[in-house]
1. Can you tally the net charge around residue 57? Count Lys and Arg as +1, Asp and Glu as -1, for every other residue whose Cβ sits under 15 Å from the Cβ of residue 57.
2. Which percent of the accessible heavy-atom area of the range 1-148 goes to carbon and sulfur, probe 1.4 angstrom?
3. Projected onto the charge dipole of the chain (+1 at Lys/Arg Cβ, -1 at Asp/Glu Cβ, origin at the Cα centre), which of 111, 41, 16 gives the Cα projection farthest towards the positive end?
4. If each DSSP helix of 4+ residues adds -39,500 (n - 2.57) and the sum is divided by the residues in the chain, what number results at 222 nm, nearest 500 deg cm²/dmol?
5. I'd like the Kirkwood hydrodynamic radius of the range 1-124, using the inverse of the mean 1/r over distinct C-alpha pairs, in Å.
6. Excluding ligands and nucleic acids, what accessible area in Å² is computed for residue 15 using a 1.4 Å probe, to the nearest 10?
7. Order the following by accessible area, largest value first: 11, 175, 62. Probe radius 1.4 Å; ligands, DNA and RNA are ignored.
8. Leaving ligands and nucleic acids out of the surface, order 58, 67, 49 by accessible area at 1.4 Å, largest first.
Amino acid sequence: MKQFHLIKKYWIFTLAGFILILVLIIPLRLAIAYTYAPQPQAFFTLGGEPAREKFTAEIAQWYPSLEIWVSSPPVPEKTRKTFQAVDIPNTQLHIDTRAIDTVTNFTSLVSDFKKLQLQHLYLITSDFHMPRAKAIATLVFGSRGIAFTPLSVPSDRPKETTLHIIRDIARSLLWIVTGRTGASFNPTID
């Protein structure tokens, strides 16, 4: 029994050490990404509120060479019309509907961004939502060497709770270690 306790004790230390090393590597990977791509190479907008898409469409007019990624907008066809209204071609707009919550907004697209060799993105979401989005982006994107520049869309909603941020930091770490976000445990997670 004592031997089992020692194995369990060292396993926990090993796992904690592994997670610590992963987290400590993230700032280095972000610094490298910022060095190689000091300017954002694409827009990444978190779906959920039409104001975010309108904001992105307005800014994207100034950067016609940048691709636009919108993750799980509530009504994809309305999203397309928002961008068409300011003459942004459909070929520049990518709507991805795989995400079911904020963490999966990032985890469902990070591999696509890596394949496209994107190292720096504009991250667009509402101001009340940005602290949580930045925490997730730091872990998920940072673990894959993708930097981000946050752009907040003004709103009149209060900032999200620290509990929401901590929960999604834990889910992001779970994804880094296991490749799973835990979203299947609670389909109502946002």
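The values are calculated or read from the model by the stated rules, or taken from the named source; none is laboratory data. Since we're looking at a predicted model, the values are computed, not measured. Heads up, the Cβs are rebuilt from the backbone with ideal geometry, glycines too, and the neighbour counts pull from every protein chain shown. Each accessible area value is taken on the protein alone, full model and side chains, heavy atoms only, with ligands, DNA and RNA left out. Shrake-Rupley method; radii C 1.70, N 1.55, O 1.52, S 1.80 Å.
1. -1
2. Of the solvent-accessible surface of the range 1-148, carbon and sulfur hold 64 percent.
3. It is 16, whose Cα lies furthest towards the positive end.
4. -16500 deg cm²/dmol
5. 16.8
6. Taking all protein chains as shown, residue 15 has close to 60 Å².
7. The ordering from most to least exposed comes out as 62, 11, 175.
8. Of 58, 67, 49, the descending order of accessible area is 58, 67, 49.
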